[in-house]
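Worksheet for the structure shown next.
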Amino acid sequence: MIDRIFIKNYAIIDTLELEFGAGFHVFTGETGAGKSIIVGALGLLLGEKGDSAVIRTGSDRAVIEASFTVSDRYSRERLAEMNIDLSEGLIIRREIAEGGKSRAFVNGMQETLGRISEIGQWLLDIHGQHDHQLLLQQKVHIDILDSYGGLWDGRRKAGEIYAGLNAKLAEKAELETDEKKLAEEKVYWETAVKDITGAKLADGEEEELSEQLKRMEHAEQIQTALNGAYGKLYGEELSVSGRLAKSQGDLNSVSGIDPKYAELAEILENVSAQVGEAVKLISEYMDEVDYDTGKMDGLTDRLELIKDLKRKYRKQTIAELNAYCEECTAKLGRFENRAAEIEKIDKEIAEVKLRLIDSCLELSRKRQDAGKKLALAVKTELAFLGMEKSEFITGISYIKDDASPIRINDRAVKAGPAGIDYVEFMISPNPGEEPKPLRKIASGGEISRIMLALKSILAGNDSIETLIFDEIDVGIGGVTANHVAEKIRELARSRQLIVITHLPQIAAKSDAHYYVTKDVREGKTFTQVRRLDGAERVNEVARMLGGETDTSKAHAREMLAK
């Protein structure tokens with residue numbers, strides 16, 4: 001729902017700020033006052049192209065900004081998938097500068113026009129005399145039909161099977177890759193397996209070898225240190241061990257005099273035991289010191305081999321080398337058993353094709369049924385809206401595609417994530433005329449009424465919370481105008497509607513009435529908008545009825561009272 005719109009230096013609008021609530025909002029005013037300019041500004045927020053021609057004369061840039069509240073769960077989920085944060089609402093801003101340079105912002109972050117177009121399709125629909133007419137885009141017709149028929153679950157199922165089929169086909173294509181390329185890769189895989197298997201690499205080996213080599217490279221230094229420590233602790237005449245033994249003997253001689261001397265003697269005894277343990281370990285370590293240069297060369301060669309293998313196969317660790325060896329072994333196995341693999345995957349593809357055909361045909365049958373019901377419902381609504389001679393048809397067909405893996409009745413049929421149906425709405429406005437696509441036959445006013453009919457039918461399933469109808473009243477009057485007004489009023493119970501109209505029947509049923517005027521001051525044209533209440537609203541409806549006479553005012557008051 002649109003909460004607020006701000007427009008500055010756009011066309012003949014100097015500065016305009018409007019706030020909206022729920023329900024039915026109507027804009028009226030003389031022709032050329034600028035009512036449709038407001039709709040054009042909203043179109044820019046949906047990603048429509050804009051050039052410097054829209055900038056108000058004498059200004060360097062046009063700015064359009066709107067804030068939205070999104071309540072519909074489905075729309076919120078789709079926007080969340082686009083990483084749009086709705087926790088504090090949603091603000092979209094569009095700036096068009098001289099030279100046609102354009103910038104767009106979503107919640108303060110600059111975005112591309114394509115991005116805001118994707119976002120905008122979940123916020124509002126514009127219908128009428130402007131280019132942004134969603135109903136004219138054939139690609140959305142299947143979505144409208146599936147929403148009406150409640151077919152999204154079946155459609156998702158077909159889409160999942162279709163994705164699975166594509167994955168299987170890609171897997172088969174990989175197996176059938178060019179023979180020469182496969183032969184070259186086979187040699188590479190074989191070499192890798194031979195190199196890595198032959199090296200008999202063990203996890204952690206490289207670190208252990210590096211430690212061994214480090215110790216051997218410093219063997220002389222280590223031996224000198226161990227010999228020195230051994231002599232000082234045990235081997236020399238004044239060694240630590242000898243002195244500790246003598247000190248312990250001195251204290252033992254007086255331990256019977258006072259217990260504290262015995263305690264000291266015990267401490268020295270423990271120290272002496274620890275020194276003895278250290279001497280034992282030093283002796284063992286001295287035996288381990290290795291000066292064998294041949295063994296050092298072997299360690300160096302081994303480490304170089306590991307380094308070369310990592311560099312050759314672009315791996316970081318022995319674990320990665322061994323994993324790559326297993327991968328190459330598996331690929332060689334698949335290569336050797338390619339015929340069996342292809343036969344196996346062909347069977348799997350055939351099974352998935354059957355599942356896809358069954359799923360698509362079931363979905364198509366449901367669409368055929370839903371299409372007939374939708375066509376009848378739209379025809380009923382159109383008759384109420386003054387198009388009683390129109391025939392609305394939900395066209396559902398298959399498209400031939402020789403490259404498609406799906407065949408129905410021995411005919412290759414184009415398939416996709418949405419199934420196999422090509423859906424397009426057709427209309428015959430007058431008896432005897434052949435039905436044609438909406439984009440080729442319907443006028444702006446007719447399109448608006450068709451969309452009004454569809455929106456009324458789909459009110460419970462549609463995620464779009466705001467609908468904008470620009471001059472939906474083109475070419476209608478009398479009873480039809482009353483019916484259109486009633487239908488808009490009915491739709492506004494569940495949607496926010498913004499309607500530009502010249503009909504008093506429609507204006508009188510709105511929740512909020514805005515009057516658009518244009519005046520010239522000091523050689524410049526200005527468009528202004530103000531909300532009408534009370535007597536002002538009566539006078540405007542009276543003007544729309546034909547003039548502000550006592551009779552028309554009385555009629556206006558009666559219409560507003562209803």
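The values are calculated or read from the model by the stated rules, or taken from the named source; none is laboratory data. Here the structure is a predicted model, which means the values were calculated and not measured. Here the Cβ positions follow ideal geometry from the backbone for every residue, glycine too, while neighbour counts run over all protein chains shown.
Assorted remarks:
- Residues located in segment 1-60, provided they are farther than 14 Å from T527 by Cα, crowded, with 18+ Cβ neighbours inside 10 Å, at pLDDT 90 or above and touching a Leu at 6+ places or on another chain (Cβ under 8 Å): I2, I5, F24, H25
- Set F425, F469, F384: member being farther than 26 Å from E118 by Cα, crowded, with 16+ Cβ neighbours inside 10 Å and in contact (Cβ under 8 Å) with a residue 60 or more places away in the chain: F384
- Pick from segment 195-209, criterion surrounded by 13 or more Cβ atoms within 10 Å (Cβ to Cβ) and in a helix (DSSP H, G or I), ranking: modelled with the lowest pLDDT: L209
- Residue pairs meeting the criteria (Cβ under 6 Å; at least 6 apart or on separate chains; first closer than 22 Å to E17 by Cβ, in segment 530-541; second in a helix (DSSP H, G or I)): L532/E540
- For segment 543-562, taking the residues that are out of contact with any Pro (no Cβ under 8 Å at 6 or more places or on another chain) and hydrophobic (A, V, I, L, M, F, W, C), the one that is farthest from I506 (Cα to Cα) is identified as A554.
- Yes/no for F68 being under 24 Å from the mean Cα position of the chain (by Cα) and crowded, with 21+ Cβ neighbours inside 10 Å: yes
A quick yes/no check of all residues on (1) farther than 22 Å from R314 by Cβ; (2) modelled with pLDDT under 85; (3) not in a helix (DSSP H, G or I):
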site	(1), (2), (3)
D143	yes, no, no
R155	yes, no, no
L165	yes, no, no
K172	yes, no, no
L182	no, yes, no
V187	no, no, no
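- Within segment 498-521, not a single residue is modelled with pLDDT under 85 and on the phi > 0 side of the Ramachandran plot.
- Those residues of segment 210-239 which are closer than 20 Å to M296 by Cβ and assigned to a loop (DSSP other than H, G, I, E, B), in sequence order: H218
- For the condition surrounded by fewer than 22 Cβ atoms within 10 Å (Cβ to Cβ), outside the structural domain of L18 (by TED's automatic domain parsing) and either outside any strand (DSSP E or B) or not acidic (D, E) (or both), S456 qualifies.
- Unmet criterion (only one of (1) exposed (fewer than 15 other Cβ atoms within 10 Å of the Cβ); (2) at pLDDT 90 or above; (3) in a helix (DSSP H, G or I)) for Q110: (3)
- Only one of the numbered conditions (1) surrounded by 13 or more Cβ atoms within 10 Å (Cβ to Cβ); (2) outside the structural domain of R311 (by TED's automatic domain parsing) is not met by E174, and that is (1).
- Scanning segment 218-240 for residues that are in contact (Cβ under 8 Å) with a residue 60 or more places away in the chain and exposed (fewer than 13 other Cβ atoms within 10 Å of the Cβ) gives a single hit, E220.
- Residue check: D85 meets all listed conditions (1) exposed (fewer than 15 other Cβ atoms within 10 Å of the Cβ); (2) part of a strand (DSSP E or B) but one, namely (2).
- Residue within segment 521-533 that is aliphatic (A, V, I, L, M) and assigned to a strand (DSSP E or B) present: yes
- Taking residues in segment 295-316 that are in contact (Cβ under 8 Å) with a residue 12 or more places away in the chain, and partners anywhere that are hydroxyl-bearing (S, T, Y), the pairs with Cβ atoms closer than 8 Å and at least 6 places apart or on different chains are L303/S210; Y313/Y324.
- If you go through segment 464-506 and keep only what is over 19 Å from L382 (Cβ atoms) and over 40 Å from the mean Cα position of the chain (by Cα), you end up with H502, P504.
- From the options G432, G445, residue that is at pLDDT below 90 and part of a loop (DSSP other than H, G, I, E, B): G432
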